[in-house]
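Laboratory data are not the source of any read-out in this text; all were calculated from the coordinates shown. Fair warning: this is a prediction, and the values are worked out from it, not measured in the lab. Ideal geometry is used to build each Cβ from the backbone, glycine not excepted, and the neighbour counts take in all protein chains shown.
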Amino acid sequence: MHKHCLVTGGSGFIGQHLLALLTRQGHSATLLMRQPQALPALRAQVEQLGGRGELLTAVAGDLARADLGLDAAAREQVRQAAVVFHLGAQFAWGLAAEQARQVNVEGALAVAELAAQQGSRLLMVGGFMLANHGHLQRIGIDLQRPERTDWDKVYQRTGAYEGSKLEAHFRVHACMAELQAALTVVHPATVCGHSRSGHILPAQPLAGLIGNLASGRLGAIPGSPAHWLPLVSVDFLAELIVTAAFDEQQVGQEILALDARTPNLLGMLQPLAQALGVRAPKHHVPIPVLRVLLKIPGLPRLLRTDAESLDFIQTARFDTAATEALAQRHGLTWPDMTEALRVTARYLMAVL
Ligand SMILES: NC(=O)c1ccc[n+]([C@@H]2O[C@H](COP(=O)([O-])OP(=O)(O)OC[C@H]3O[C@@H](n4cnc5c(N)ncnc54)[C@H](OP(=O)(O)O)[C@@H]3O)[C@@H](O)[C@H]2O)c1
């Protein structure tokens, strides 16, 4: 049955692919947009990605404003949503803590309260580091009593973007539990382009890494041969999000959208380099050395790399059994990640 949905972050990279899939399946969506006048362009983009633009409407809103900046007419318009998809976030390195907290934490809480009040199911997009419990404990998160966490310290350790995503996760969980409302969380790994078209937005972290490789700025491989950057292609991620949102069994669940077959960093850089027609670096540089180097003024800009991105490169492995079971039950097949990397690099070469 076709459902009506509310989507935040619909104009973003993951949002565009989510809207394409939702509308292709016949669902309609109201988008909370800071710039609703951009709806016609977004409709055209969603159609380019295979969706149906006419099933999209927009209301003016802002995650950083009180009551999400929604007026009474907009509140009425979003009231019918069966599912609220919360993807909107200030996604960048070097954010001020206050700005990140306002949009990513307070904004997420306001979306959660709205969903709970109107009886919509909430599908929130988190991040895969939330499944790395060793890392969470090392950076000072109290997993038994998250409300006891000193979040300012966490933000200092991780950077404001990641800190705010972690804080939002625990606070939204607590809020939805208190309100006894339905929550499902999908935690994406770093997102790769579409597995067949390679479509990706240039501001995405993976696009930045590919750009560095293409321009010869990536002289060495960060970490050791055991290090990897877990990935998921944007089309498979959209499938997991939509599947989880409409599957009653997924209420109260957290789904890790991470392809456990992602190769190590060398195995990831080789197909990218091949597609770009450049050489892949061969030597490794330890992460602690990179962290020290990136403290040198001007170096992050020169290397177009930020220390905040280094936490995502790691040796931890993740338990994806629940995701595999969900994918299998709904007949979803993981695309070939090496091929997705190749087409993403080719797509970027063509558009940049
Ligand atoms: N991409 C990844 O590798 C990755 C990995 C793990 C988790 N995630 C999470 O996935 C979600 C979507 O990521 P993405 O890559 O699609 O991000 P993106 O391309 O940067 O899109 C961000 C979206 O958030 C909206 N937004 C930002 N500030 C807002 C505000 N104050 N009020 C309303 N909307 C606002 C933007 O709308 P405007 O058009 O107004 O700017 C845009 O639609 C985020 O929660 C992110 O943390 C992403």
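Structure summary
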| read-out | value |
| --- | --- |
| Integer Hz, Karplus 6.51/-1.76/1.60 couplings in order for the range 104-110, x for Gly and Pro | 7, 9, 5, x, 5, 5, 5 |
| Per DSSP, loop trypsin sites (Lys or Arg not before Pro) in the range 302-352 with at most 15 further Cβ within 10 Å | ARG304, ARG317 |
| Spatial separation of Cα centroids for the range 66-111 and the range 273-345, in angstrom | 28 |
| Listed residue (THR323, GLY198, ILE255) projecting farthest to the positive dipole end of the chain, Cβ model | GLY198 |
| Percentage relative contact order, the range 82-170, counting C-alpha pairs under 8 Å, at least six apart | 40 |
| Sequence-separation-based contact order of the chain, relative, with Cα cut under 8 Å and 6+ spacing, percent | 17 |
| Cα gyration tensor shape for the range 187-239, rounded if a/c is under 1.5, else prolate or oblate | oblate |
| For the range 1-46 and the range 193-253, distance of Cα centres in Å | 20 |
| Degrees separating the helix 337-351 axis from the principal Cα axis of the chain, which is the longest one | 90 |
| Contour minus Cα-Cα distance for HIS133 and LEU302 (0.36 nm per residue) | 57.5 nm |
| Cross-link partners of LYS153 among lysines (Cα-Cα below 22 Å; sequence separation of 8 or more within a chain) | LYS165, LYS295 |
| FRET efficiency, 1/(1 + (r/R0)^6) with R0 56 Å, evaluated for ASP71 and VAL278 via beta carbons | 0.65 |
| Rounded, prolate or oblate (a/c below 1.5 giving rounded, otherwise prolate when a/b exceeds b/c) for the range 103-201 by Cα gyration tensor | oblate |
| Relative contact order (%) - criterion: Cα under 8 Å, at least six apart; region: the range 1-47 | 46 |
| Inter-label distance for ARG291 and THR338, nm, one decimal - labels placed 7 Å from Cα along Cα-to-Cβ | 3.3 |
| Assigned charges on the beta-carbon of Lys, Arg, Asp, Glu; the chain dipole about Cα centre (debye) | 1000 |
| Value at 222 nm in deg cm²/dmol, rounded to 500, when DSSP H runs of n ≥ 4 in the chain each add -39,500 (n - 2.57) | -12500 deg cm²/dmol |
| Pairwise label distance in nanometres, GLN117 with ALA92, each label 7 Å out on the Cα-Cβ vector | 3.0 |
| Rounded, prolate or oblate (a/c below 1.5 giving rounded, otherwise prolate when a/b exceeds b/c) for the range 274-352 by Cα gyration tensor | oblate |
| In nm, spacing of pseudo-spin labels at ALA220 and THR315 (7 Å Cα→C-beta vector) | 1.7 |
| Summed side-chain charge close to GLY127 - residues other than GLY127 whose Cβ falls under 13 Å, Lys, Arg +1, Asp, Glu -1 | -4 |
| Positive minus negative residues near LEU272 (Lys, Arg vs Asp, Glu; Cβ under 15 Å) | +3 |
| Tilt relative to the chain, helix 205-214 - C-alpha long axis, 0 to 90 degrees, to 10 | 30 |
